[in-house]
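Here is the structure we will look at, set down as structure tokens.
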Amino acid sequence: MSQERIALVTGANKGIGFEIARQLAEAGVRIFLGSRDAARGQTAADQLAAKGLKVQAIPLDLTNGASIEAAAAHIAHQHDRLDILVNNAGIFDFSDGAPGKASIDAVRRVVEVNFIGALAVTQAVLPLLRAAPSGRIVNLASSLGSLTLNADPSSTYYAQRYIGYNASKAALNMLTIQLAQELRDTRVTAHSVSPGFVKTDLTGYGTMTPEEGARLPVQYALGDMPSGQFVETDGATPW
């Protein structure tokens, strides 16, 4: 019998993260459901556990180093490895905007969570991922993080000027690239996966449901894909 896989999904108490956790759990993965708000995380975990799924809430604030270290230590205490890390947690701030008018505080908050937080979590659990038979890092990306698309006047993303959010997702793509390089001689792969234009609490609008948006990240979390890719539902996305 194959070894049960262990996954940490950040920001998983609602939206795409919750759906990623649910779909992975339904595939037989044991889930650590990360949530900044411990009570909301527990409620979400209870909802999935009531369906017979192996889900455990874990407090995880990406802006708090002690919280990140505690979460990694908690996983290590229960298991000798981590098979899957899904860096899903992210924020969008409507005070963000074009470079000439974006709130600097908003930009700082967005980058702190979306990029630095994801880097900090990855660093904290990387020893556990290295210990897995086949580790997976899935970074929840966005086409708004594509420099190629942002620079193309014919692209629908050309006019979407949110310097904080777009820069945070471009930086997350750099994290994927450098992780793939750093880990090229290991059994750990890293991927930037854009779920598509999903309607969540992040923005309040979109063309896909969280359930639909979770499918591609789950596919990369479970599959055996070449490391260092940037993909969305219709194929590879240019960096």
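Computed values, structure above
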quantity	calculated
Residues being among the polar types (S, T, N, Q) and more than 17 Å from the chain's Cα centre (by Cα) - total across the stretch 68-109	3
Qualifying residue in the stretch 64-71 (condition: outside any helix (DSSP H, G or I) and in contact with an Asp or Glu (Cβ under 8 Å, 6 or more places away or on another chain))	no
Given (1) of a type in the set (A, V, I, L, M, F, W, C); (2) assigned to a helix (DSSP H, G or I); (3) touching a helix residue (DSSP H, G or I) at 6+ places or on another chain (Cβ under 6 Å), number of the condition residue 7 does not satisfy	(2)
The stretch 148-199 - residue that is without any contact (Cβ under 8 Å) to a residue 12 or more places away in the chain and among the aliphatic types (A, V, I, L, M) and, of those, surrounded by the most Cβ atoms within 10 Å (Cβ to Cβ)	174
Top-ranked residue in the stretch 23-45 [being out of contact with any strand residue (DSSP E or B) (no Cβ under 8 Å at 6 or more places or on another chain) and part of a helix (DSSP H, G or I); ranked as farthest from residue 211 (Cα to Cα)]	39
Any hit, the stretch 80-94, residues being without any contact (Cβ under 8 Å) to a residue 60 or more places away in the chain and under 29 Å from residue 158 (Cα atoms)	yes
Within the stretch 114-141, considering residues that are among the β-branched types (Val, Ile, Thr) and surrounded by fewer than 21 Cβ atoms within 10 Å (Cβ to Cβ), the one farthest from residue 12 (Cα to Cα)	116
Search result, residues across the stretch 92-110 that are part of a helix (DSSP H, G or I) and surrounded by 21 or more Cβ atoms within 10 Å (Cβ to Cβ)	107, 110
The stretch 6-31: number of residues that are within 14 Å of residue 137 (Cα to Cα) and surrounded by fewer than 24 Cβ atoms within 10 Å (Cβ to Cβ)	1
Considering residues of the stretch 72-91 that are modelled with pLDDT of 95 or more and part of a loop (DSSP other than H, G, I, E, B) only, the residue surrounded by the fewest Cβ atoms within 10 Å (Cβ to Cβ)	79
Subset of the stretch 60-90 (residues that are more than 17 Å from residue 114 (Cβ to Cβ) and in contact with a strand residue (DSSP E or B) (Cβ under 7 Å, 6 or more places away or on another chain))	71, 74, 75, 79, 81, 82, 83, 84
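The values are calculated or read from the model by the stated rules, or taken from the named source; none is laboratory data. Keep in mind it's a predicted model, so treat the numbers as computed, not measured. Neighbour counts are summed over all protein chains in view; Cβ atoms, including those assigned to glycine, are modelled from backbone coordinates with ideal geometry.
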